[in-house]
Amino acid sequence: MMEHKKNIGEEIIQARILYYDFFTGLFLFELLKNRAEILKKQIKILKDFAFTDGNVEDFRIIEKELNTNGIGAFIQEFTALFSLPFVPNNRSAQPLSPVYLYLSYYLEGCIGGKSLSMAKDILKSSSFYLNSTFLKETEENLGVLLLTMEHLLQNKDDNANKLFNKCIAPMMQPITQGISKRKDCMLYGHINNIFVEFLELEKKIWLE
């Protein structure tokens, strides 16, 4: 019985690691560009670990788009959501505000503030090394933080608790709410539905 519980616990940890990798690939542009085949494989597995029936449908829609049209629409929505303000075809309409993926923006109203230094300090004290030649984003970027969490969980690094509480938790709600308001980005709306449920689980595990 004890061994059975241990195996279930390890299976849950591996599922969480896979979820972190799944979202990392969707929130880091450098990875997203070549992510189609990896995402397809991940979705086949993660569907069995969906949090709700609604998330099963979210996965189905994402998977169908990947199988039918590839990664193109995901890249377009990423750019519209997280890059420059999106200007609708109707020029009289107001540009849609981007969703910022940087901790400093939510804690200090800027990018590259003290929150970046805090994130750097946590990473320096951890087992994770950020390869800046491969990734252009900084340590306070959500995608980088998700990538770091994946690594820390894999290595059973206690810094995972601090990283989630200090760097991810403060921007969970504004980012997911910002994405949910962008009705022009249907695919990321479905991704966001899954992300919200995942973050709720992680919050219960990590929040002090």
For this session: Find which of F164, Q14, G178 sits farthest along the positive direction of the dipole of the chain, computed with +1 on the beta-carbon of Lys and Arg, -1 on that of Asp and Glu, about the Cα centre.
Result: G178
Problem set entry | Within a Gaussian network of the chain (alpha carbon springs, distance under 10 Å), most fluctuating of F164, F51, F23 | F51
Exercise. How much FRET efficiency would the formula 1/(1 + (r/R0)^6) give for N165 and I61, where r is the Cβ-Cβ distance and R0 is 25 Å, rounded to 0.05?
Worked result: 0.20
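Counting pairs of alpha carbon atoms under 8 Å apart in space and at least six apart in sequence, what relative contact order in percent does the chain give? Mind showing how you got there, number by number?
Numbers: 219 pairs, mean separation 51.8, N = 208.
Relative contact order of the chain: 25 percent.
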Exercise. Given the rule -39500 (n - 2.57) for each run of at least 4 DSSP H residues, summed and divided by the residues of the chain, what is its mean residue ellipticity at 222 nm, to the nearest 500 deg cm²/dmol?
Worked result: -21000 deg cm²/dmol
Exercise. Can you list the lysines whose alpha carbon sits under 19 Å from that of K124, skipping same-chain ones fewer than 8 residues off?
Worked result: K114, K136, K156, K162, K166
Seminar exercise, completed: Listed by chain and number, the lysines with an alpha carbon less than 18 angstrom from that of K41, same-chain partners under 8 positions apart left out, are K33, K64
For this session: Would you mind estimating how fast the chain diffuses translationally, via Stokes-Einstein at 20 °C and 1.002 mPa s with the Kirkwood radius over Cα pairs, in µm²/s?
Result: 120 µm²/s
Seminar exercise, completed: In whole percents, the bins of 5 Å from zero upward hold the Cα-Cα pairs of the stretch 98-163 as 3, 19, 29, 25, 16, 6, 1
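Where a number appears in this text, it was derived from the coordinates with a stated rule and is not lab data. In this text, all values refer to a predicted model and were calculated from it rather than measured experimentally. Note that each Cβ is placed from the backbone with ideal geometry, even for glycine, and that neighbours are counted across all protein chains shown.
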